[in-house]
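Undergrad: Quick one: the structure is below, and I'll ask about it shortly.
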Amino acid sequence: MSDLLQQLNAEMASVADNVKRSLVQISNGRGGAGAGTIWHADGLIVTNAHVISGRHSLNVTLPDGRMLPARVLAQDETRDLAALAVEASGLPTIEPGDSRQLKPGHWVFAVGHPWGVLGAVTAGIVIGVGSQWPEFPPSGQDYVVVSLKVRPGNSGGPLVDVRGRLVGVNAMMTGPNVGVAVPSHVVKAFLREALGTPRAEPVPEGIL
């Protein structure tokens, strides 16, 4: 049993390390910071709209430590999503997952910078996926609701499944142990509408 647990620990740590390669920090130079996910190798980054709200000067710190100025390509307050661009290429991306395949009880990981702790990982299980939640007014917006803690600094970071595939963008918490993410299928729709089909799908590292 101990060998099995050690193997499981090693596998989960490997998944987390791989995800961190595509995790960025977004700041405005005034102390505020959130997370973002490298969605495309040519510098396309996805985060929450509320992470960049009211910020006129944005910087993105890449996993390799480079800090680059970022420009806003698109923003959707309703879906709480934003797309940023930095002048970089060959960046590592996360393998895309299908949020519609998530089921209650599936394990997921939220990665971000809670309270400024860089690359912190929180694990929990999926409560459900859909648009009917008593915490939110009826809007037709889909969410992934998970039993895990997310805190300031997690927003905009990736929610991944046990294989490290991106299934959502962490957005907020609705209770002491309940986190909410924007599903990856909603993110894809947002990018497709805002930027066009060619850049709407995540591209795994090595494709470009």
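The values are calculated or read from the model by the stated rules, or taken from the named source; none is laboratory data. Not measured: the values here are computed from a predicted model. So basically every Cβ, Gly included, is an ideal-geometry build from the backbone, and we count neighbours across all protein chains shown.
Undergrad: Looking at the range 34-89 only, could you name the residues that are charged (D, E, K, R), outside any strand (DSSP E or B) and touching a residue at least 24 places away in the same chain (Cβ under 8 Å)?
TA: First pass over the range 34-89, keeping only residues charged (D, E, K, R): 42, 55, 64, 66, 71, 76-77, 79-80, 87.
Narrowing further to those that are outside any strand (DSSP E or B): 42, 55, 64, 66, 77, 79-80, 87.
Residues satisfying the conditions are D42, R55, E77, R79, D80, E87.
Undergrad: Here is a follow-up. Scan the range 136-171 residue by residue and report those that are farther than 23 Å from V72 by Cα and among the hydroxyl-bearing types (S, T, Y).
TA: The answer is S139, Y143, S147.
Undergrad: Closer than 23 Å to Q141 by Cβ, touching a Gly at 6+ places or on another chain (Cβ under 7 Å) and of a type in the set (A, V, I, L, M, F, W, C): does that describe I52? Give the derivation first.
TA: Values: closer than 23 Å to Q141 by Cβ: yes; touching a Gly at 6+ places or on another chain (Cβ under 7 Å): no; of a type in the set (A, V, I, L, M, F, W, C): yes.
The answer is no for I52.
Undergrad: Which number in (1) within 25 Å of A74 (Cα to Cα); (2) among the polar types (S, T, N, Q); (3) at pLDDT below 85 marks the one condition that T174 misses?
TA: In the conditions (1) within 25 Å of A74 (Cα to Cα); (2) among the polar types (S, T, N, Q); (3) at pLDDT below 85, T174 misses (1) alone.
Undergrad: Kindly provide the set of residues from the range 159-171 that are in contact with a helix residue (DSSP H, G or I) (Cβ under 8 Å, 6 or more places away or on another chain) and either surrounded by fewer than 18 Cβ atoms within 10 Å (Cβ to Cβ) or not small (G, A, S) (or both), ordered by number.
TA: V160, V162, R163, L166, V167, V169
Undergrad: While we're looking at this one, here's another question. With respect to R66, is the statement that it is surrounded by fewer than 14 Cβ atoms within 10 Å (Cβ to Cβ), under 13 Å from L166 (Cα atoms) and more than 14 Å from the chain's Cα centre (by Cα) true? Spell out how you get there, then give the answer.
TA: Working: surrounded by fewer than 14 Cβ atoms within 10 Å (Cβ to Cβ): yes; under 13 Å from L166 (Cα atoms): no; more than 14 Å from the chain's Cα centre (by Cα): yes.
For R66, the condition - surrounded by fewer than 14 Cβ atoms within 10 Å (Cβ to Cβ), under 13 Å from L166 (Cα atoms) and more than 14 Å from the chain's Cα centre (by Cα) - is not met.
Undergrad: So, restricting to strands (runs of 3 or more DSSP E) that lie completely within the range 90-194, which ones have at least 1 residues that are within 17 Å of L23 (Cβ to Cβ) and of a type in the set (K, R)? Explain how you work it out, then say what you get.
TA: On the way: elements: 107-112, 120-130, 143-147, 158-161, 166-175, 178-183.
Here the list is empty.
Undergrad: Please specify each residue of the range 12-27 satisfying the condition of being within 16 Å of L166 (Cβ to Cβ) and assigned to a helix (DSSP H, G or I). Quick ask: steps written out before the conclusion?
TA: Keep residues of the range 12-27 that are within 16 Å of L166 (Cβ to Cβ), which gives 15-24.
Across the range 12-27, the qualifying residues are V15, A16, D17, N18, V19, K20.
Undergrad: Could you tell me which of the residues G156, G175, G116, G130 is loosely packed, with under 15 Cβ neighbours inside 10 Å and either touching a residue at least 60 places away in the same chain (Cβ under 8 Å) or closer than 25 Å to H40 by Cα (or both)? Please lay out each step first, then the result.
TA: Details: G156 fails: loosely packed, with under 15 Cβ neighbours inside 10 Å; G175 fails: either touching a residue at least 60 places away in the same chain (Cβ under 8 Å) or closer than 25 Å to H40 by Cα (or both); G130 fails: either touching a residue at least 60 places away in the same chain (Cβ under 8 Å) or closer than 25 Å to H40 by Cα (or both).
Answer to the check: G116.
Undergrad: Right, another one. So R192 fits all but one of (1) over 19 Å from V129 (Cβ atoms); (2) at pLDDT 85 or above; (3) of a type in the set (K, R); (4) buried (at least 16 other Cβ atoms within 10 Å of the Cβ); what number is the exception?
TA: All conditions are met except number (4).
Condition check ((1) within 18 Å of W107 (Cβ to Cβ); (2) hydrophobic (A, V, I, L, M, F, W, C)) across all residues:
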residue	(1), (2)
V150	yes, yes
G153	no, no
P176	no, no
V180	yes, yes
K188	no, no
A194	no, yes
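Undergrad: Name the residues in the range 143-153 that are surrounded by fewer than 22 Cβ atoms within 10 Å (Cβ to Cβ), in contact with a helix residue (DSSP H, G or I) (Cβ under 7 Å, 6 or more places away or on another chain) and either at pLDDT 90 or above or within 11 Å of L102 (Cα to Cα) (or both), would you?
TA: If the condition is that a residue be surrounded by fewer than 22 Cβ atoms within 10 Å (Cβ to Cβ), in contact with a helix residue (DSSP H, G or I) (Cβ under 7 Å, 6 or more places away or on another chain) and either at pLDDT 90 or above or within 11 Å of L102 (Cα to Cα) (or both), then no residue fits.
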